[in-house]
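A single structure is presented below for examination.
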Amino acid sequence: MEYAIEIEGISKRYGDVQALQQIDLRVGKGEIMGLIGPDGAGKSTLYRILTTLLLPDEGSASLNGYDIVKDYRHLRQILGYMPGRFSLYQDLTVEENLEFFATIFGTTIKENYHLIEEIYVQLEPFKDRQAGNLSGGMKQKLALCCALIHKPEILLLDEPTTGVDPVSRQEFWQMLKRLNTENITILVSTPYMDEAAMCDRVALIQSGEILTTSTPANIRTEYQGQLLSLKSQDMYHLLKTTRSLDGVMSCYSFGERLHVTIDPETSNLEMVQSALSTKGISKVEIKPIEAGVEDIFMQLLKRSDA
Ligand code: ADP
């Protein structure tokens with residue numbers, strides 16, 4: 001595979017905080033790679049390094065063959081970057097923001113309009129409104145247009161959907177899919193596990209380390225144990241009791257239910273049910289389920305802690 005992004009042994013420390021530890025990651029040309037991890041995992045730090053805004057303590061990285069240190073000037077031309085917090089000028093209008101970004105990259109809105117057209121038609125009715133007065137979803141669409149206006153080869157999106165409503169989130173992902181058909185490589189970070197399914201591959205990051213890199217489908221097969229979903233009237237009692245049972249590898253709340261992983265060598269659904277019943281919990285809804293990315297992430301975290 002030809003790689004658009006190659007990261008080798010990148011580390012970064014801020015005082016006592018080791019924000020990134022020996023990060024290795026490769027993203028293929030034309031891929032949508034998801035960088036998934038909780039707050040403080042090191043995602044933004046990695047973006048700042050890739051966009052040449054911050055130097056790593058060690059390691060190297062190149063994007064479409066250009067080195068983040070040596071070739072930073074050229075890199076800035078071929079990268080589109082949407083930082084986590086809005087990069088827009090709040091007191092410029094929608095149109096002025098877009099014109100500004102086009103101008104600093106030596107292009108015009110007209111030149112690459114086809115890239116942003118589908119997104120921009122939704123913004124057009126508000127083109128004279130100040131960016132600061134747009135809704136969250138609209139701001140995010142404008143920020144994407146601004147990141148795209150110079151027709152970048154690689155798009156680096158840092159939590160573009162954080163704090164955005166579910167409908168806008170979905171629309172945003174549809175746009176990314178369309179951009180991807182234009183051969184733009186996309187590295188997108190998100191704290192939302194459900195967005196992992198939209199990527200070609202995902203890298204799970206925690207405490208500055210990549211725990212695993214895989215396709216959304218393969219990552220499911222990495223799950224160890226059998227996963228059950230449980231529900232009863234008294235969830236707290238159920239949680240405490242289930243945790244004490246033999247053969248239970250893990251047990252935690254998941255929305256309104258418990259997700260319980262059992263060791264299939266020593267336990268099964270019926271055994272859990274009867275063990276709970278012996279301990280006085282009889283009305284339990286219990287069913288086998290497939291592990292989602294959240295479950296897999298929890299398991300990987302536990303393993304890396306151990
Ligand atoms: P994420 O984007 O995944 O939330 P960050 O890269 O922002 O993660 O942060 C990684 C770690 O580095 C966190 O512990 C954060 O508090 C710390 N950190 C980030 N930026 C700075 C900074 N400028 N100075 C000191 N610590 C920082």
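Give the whole-number value, in cubic angstrom per residue, of the convex hull volume spanned by the C-alpha atoms of region 169-289.
Per residue, the Cα convex hull of region 169-289 comes to 138 Å³.
For region 223-232, just list the computed ³J(HN,Hα) in residue order, Karplus coefficients 6.51, -1.76 and 1.60, θ = phi - 60°, integers in Hz, with x standing in for Gly and Pro.
5, 9, x, 10, 9, 10, 10, 10, 8, 8
Further question: Once you put a point 7 Å from the Cα of L269 and another 7 Å from the Cα of E256, both along the Cβ direction, what distance in nm separates them?
Here the answer is 2.0 nm between the modelled labels.
Hey, how many Å between the Cα centroid of region 102-126 and the Cα centroid of region 176-205?
Region 102-126 and region 176-205 have Cα centres spaced 22 Å from each other.
How much length is gained on full extension from Q233 to V167, taking 0.36 nm per residue of separation minus their Cα-Cα distance?
Gain on extension, Q233 to V167, equals 20.5 nm.
List the lysines whose Cα sits under 21 Å from the Cα of K231, skipping any in the same chain fewer than 8 residues away.
Within the straight-line limit of under 21 Å, K231 reaches these lysines: K240, K279, K283, K287.
Here is a further query. How much accessible area per residue does the chain have, counting only protein heavy atoms and a probe of 1.4 Å, in square angstrom? Don't jump to the answer; show the numbers that get you there.
On the way: 14990 Å² over 306 residues.
Counting only protein heavy atoms, the per-residue value for the chain is 49 Å².
Okay, moving on. Would you mind calculating the gained length between K240 and E285 on full extension (0.36 nm times residue separation, minus the Cα-Cα distance), in nm to one decimal?
14.6 nm
Compute the helix-to-body angle for 113-123: its Cα long axis versus the longest principal axis of the chain, expressed 0 to 90° and rounded to tens.
The two axes meet at around 70 degrees.
As I understand it, the value is the acute angle between the Cα axis of helix 94-104 and the longest principal axis of the Cα atoms of the chain; what does it come to in degrees, rounded to 10?
Approximately 70 degrees, to the nearest 10.
By how many degrees, between 0 and 90 and to the nearest 10, does the Cα long axis of helix 293-305 differ from the longest principal axis of the chain?
With both axes taken from Cα atoms, the answer is about 80 degrees.
Now for a different question. Greater than 21 Å separation of Cα atoms is the criterion. Which listed pairs, K29/K141; K141/K177; K29/K177, meet it? Working shown, then result.
Working: K29/K141 24 Å; K141/K177 14 Å; K29/K177 14 Å.
Checking Cα-Cα distances, K29/K141 exceed 21 Å.
Something else now. Divide, for region 94-135, the radius of gyration over alpha carbons by 2.2 N^0.38 Å, where N is the residue count.
1.15
Please give the contour-minus-distance gain from I104 to Q174: 0.36 nm per residue of separation, less the Cα-Cα distance, rounded to one decimal in nm.
22.4 nm
Equivalent ellipsoid semi-axes for the chain, as square roots of 5 times the alpha carbon gyration tensor eigenvalues: give them largest first, rounded to whole Å.
They are 42, 23, 16 Å, listed largest first.
Still on this model: Can you check how the C-alpha radius of gyration of region 121-163 compares to 2.2 N^0.38 Å, as a plain ratio?
1.22
For the chain, modelled as a Gaussian network with Cα springs under 10 Å, which listed residue fluctuates most, L157, L134, L187?
The residue with the greatest mean-square fluctuation here is L134.
After finding the eigenvalues of the alpha carbon gyration tensor for region 224-290, what semi-axes result from the square roots of 5 times each, listed largest first in whole Å?
Taking √(5λ) for each eigenvalue gives 16, 14, 10 Å, largest first.
Oh, and also: Quick one: 3J(HN,Hα) in Hz for region 260-274, Karplus 6.51/-1.76/1.60 with θ = phi - 60°, rounded, Gly and Pro as x.
With coefficients 6.51, -1.76 and 1.60, one gets 10, 9, 10, 7, x, 6, 10, 8, 8, 4, 5, 5, 5, 4, 6 Hz.
Could you give each residue of region 4-19 its phi-based ³J(HN,Hα) in whole Hz, using Karplus coefficients 6.51, -1.76, 1.60 with θ = phi - 60°, and x for Gly or Pro?
Couplings: 8, 10, 10, 10, 10, x, 7, 10, 8, 10, 10, x, 7, 8, 8, 6 Hz.
The values are calculated or read from the model by the stated rules, or taken from the named source; none is laboratory data. Quantities reported herein were computed from a predicted structural model and do not represent experimental measurements. Ideal geometry is used to build each Cβ from the backbone, glycine not excepted, and the neighbour counts take in all protein chains shown. Protein only, heavy atoms only, side chains kept; ligands, DNA and RNA dropped before computing areas. Shrake-Rupley method; radii C 1.70, N 1.55, O 1.52, S 1.80 Å.
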